[in-house]
């Protein structure tokens, strides 16, 4: 049983609630893309090693990915507004701590805590909207939510680049802290709702899932420095598989008390939607995190220029989510999501045209269809995830959906760094550099720190690595388009568990 308080019944608090969830959600992608843009300057200022600098991104991504499911379950039990308020406060306060960090170790630890708050915002925000709106007001609310994510992604690289150049890397994190204040104040006006049954928290499932994801992310980070065949990398991968298998066994045994309600996966429409982030946001986040570093490093662009060059990809994510909701109403969610994956596949394939001294128009060729696909998907994914299950499961559904989304992004950020580093180091090693030196230099280049003596070799190697990455993303996105089209067929989505 659930006890929602609908804003549609009396009309009060609708816009404060939508603004609260939208502005809080805007902080999250900015916390990822802004941090990535600030990383080269931050690492140089704090005298950080390649590994420690990479963990400034990984620490946030691991907790951000591991905890939406737990946060969604807590929101259903303790109150969705309460968890939203706690998450906003945590993201803002810890962002200020990162801005004041005296060392990269402090920043890494703080970013892990910030990821916890981001997970709470992500899971509870969608659940708050699902419980407090319906009909056209819900469609509008989720369209604004998608636009908010898109805005954070679109303006993140450009605004962060301008801030880094004008006021230093610390100003990026100060901005996130400032953004949290109006979001928190508006969220106090949102209605409270919770699952009246309040089942016990699934501690065993939470520990197994979090540990499994941590091992997987550690494995990708380790692969970038020690290699994919290193015993430590293989051991971490094996531990990740074992822990995820243990998690599945625990959830199946707990049944209704499980944090991860496996019964929701009997719904083909829900399965299709929660798997969509792997083909929609995976490549987008990779490019948002590593293309600015590529443009600043081997392409010798400023941070602001790099942000402007990404506009063909980021602007559609700002503009299209609201239009996607109307398009889905006229056609279907199936059509919108299938077309979104197909556009991303086209953009990924066109990444083979990327080169370090390319013009704005040449870079726009792959980035424009890529951004259009992501923008369309952002407008319907969140609403589709919570609309394919009973309203009492909205928190859990939002948690599952966002866990899948952020898990894919977290693994993608760590995995892409390892892949780009490995491919670039292989090219450097072939030119005569010792293996260890090649890996170290390649790792710094992926983060935007390019050694002048090896600039030409790094530009060639890293560009080639991006071409390979584009082919991998194109294959995944094309597969996603086919599977989405099949899974969301009307005769299948009509089936109920």
Note to self: C-alpha centroids of the range 454-492 and the range 73-118 sit apart, in Å, by 32
Among 202, 45, what is the fewest-to-most ranking by other Cβ atoms within 10 Å? 45, 202
When ranked by the protection proxy of mean other Cβ atoms within 10 Å per residue, highest first, what sequence do the peptides 353-366, 85-98 form? 85-98, 353-366
Relative packing of peptides 100-112, 118-130 - highest average C-beta neighbours within 10 Å first: 118-130, 100-112
Hey, with R₀ at 35 Å, roughly what FRET efficiency would residue 230 and residue 365 work out to, going by the Cβ-Cβ distance, to 0.05? 0.40
Sort 62, 344, 155, 286 so the one with the fewest other Cβ atoms within 10 Å of its own Cβ comes first. 155, 286, 62, 344
Backbone N under 19 Å from the residue 136 label point (7 Å along Cα→Cβ), restricted to the range 329-343: 329-332
Note down the relative contact order for the range 203-254 as a percent, whole number, built from C-alpha pairs under 8 angstrom at least six residues apart. 48
Output the peptides 374-381, 328-335 sorted from most to least packed, where packing is the average of other Cβ atoms within 10 Å over each peptide's residues. 374-381, 328-335
Could you list 251, 192 in order of exposure, starting from the residue whose Cβ has the fewest other Cβ atoms within 10 Å? 192, 251
Can you give the alpha-carbon Rg of the range 280-340 over 2.2 N^0.38 Å, where N counts its residues? 1.44
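Every number here is computed from the coordinates shown, using simple stated rules; none is lab data. The model shown is predicted, which means the values in this text are computed figures rather than measured ones. When we count neighbours, we look across all protein chains shown, and the Cβ atoms used for this are built from the backbone with ideal geometry, even at glycine.
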